[in-house]
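Here's the structure, in structure tokens; my notes come after.
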Amino acid sequence: MELAKDLICLELNTAQTNEKVKISPAGQQIVGYDGRVFNIDANFVVTNTKSQGVDILLDRDHFDGEAMGWFDINSLEARDDGIYASLEFTQIGKELVEKRLYRYMSPAYEVNHRDNGIREVVRIGSIGLVNRPNLLNQALNNQSKGEDMSQNDDLAVKFNELNEKNATLQAQVTAKDKEIEELKAALDTERNNAKTARIESAIKNGELLPNRKEMAMALEGNALDSFMEVSKSEAASVLKEKSYEKNKKDELDIDPDVKAQLGL
């Protein structure tokens, strides 16, 4: 979910009265100064914003620091032309507005992206006191056609483009990391299967004693190679001794009369 700031500004023209203040326009296609389009369903946004259960912060220039005022969460009201709420200034906020150091408000929205490029506003996160209006009472405060955008506006557009590109690249990096992890897991499985086959083949061929299998499985690389080489001599010695003992036992088991007849 994206947090959209500095896209829509409303003149703070009712702040000195007891009337509710308009904190957001409403409509299906609210166009920001940078061209982004928002769908603002007033009733939907009011319901979701109230569900947070905390008053809405009025900050300065969207810096979440010292409060310039608070909007009563329970006073949120959806009207035909927008969303309204009761505002209580702090002393600092009141002085900024009374001295006309700040004249406008800009809502910070939490939005979801839609396939058609429109951003659906989910709730209002905070309101900022600002001096660069974007929309005044839903009317685009745009420059005339053919007039160059100011340097700050151009930088804002480029910043948004870079953010979108960064999100795309981050998604690609995440996908590649997942692919690498899957390849590592497949390689580990293949190596383990090859090692198991090697060890079981050595046991079958009399080059490794069966009771050495677990020890061999715990080794890798050169350590395994050295262990397998030493195990050949051990296995040959043990198997030879067992063969000798078997032959000896076989000789002892022959009937003396039979041995005499065979000249043994």
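Read the figures in this text as sums done on the coordinates, not as results from a lab. Quick caveat, the model's predicted, so the values are computed rather than measured. Ideal geometry is used to build each Cβ from the backbone, glycine not excepted, and the neighbour counts take in all protein chains shown.
Brief remarks follow.
- Counting charges near residue 201 (Lys, Arg +1; Asp, Glu -1) among other residues having Cβ under 13 Å from its Cβ returns a value of +3.
- In the range 31-111, inverting the average of 1/r over every pair of distinct C-alpha atoms gives 14.0 Å as the Kirkwood radius.
- Local net charge near residue 45, Cβ-Cβ under 11 Å (Lys/Arg +1, Asp/Glu -1): -1
- Cβ-Cβ FRET estimate between residue 100 and residue 18, R0 fixed at 22 Å, reported to 0.05: 0.65
- When each of the peptides 228-237, 184-193, 80-89 is scored by how many other beta carbons lie within 10 Å of its residues on average, the order from highest to lowest is 80-89, 228-237, 184-193.
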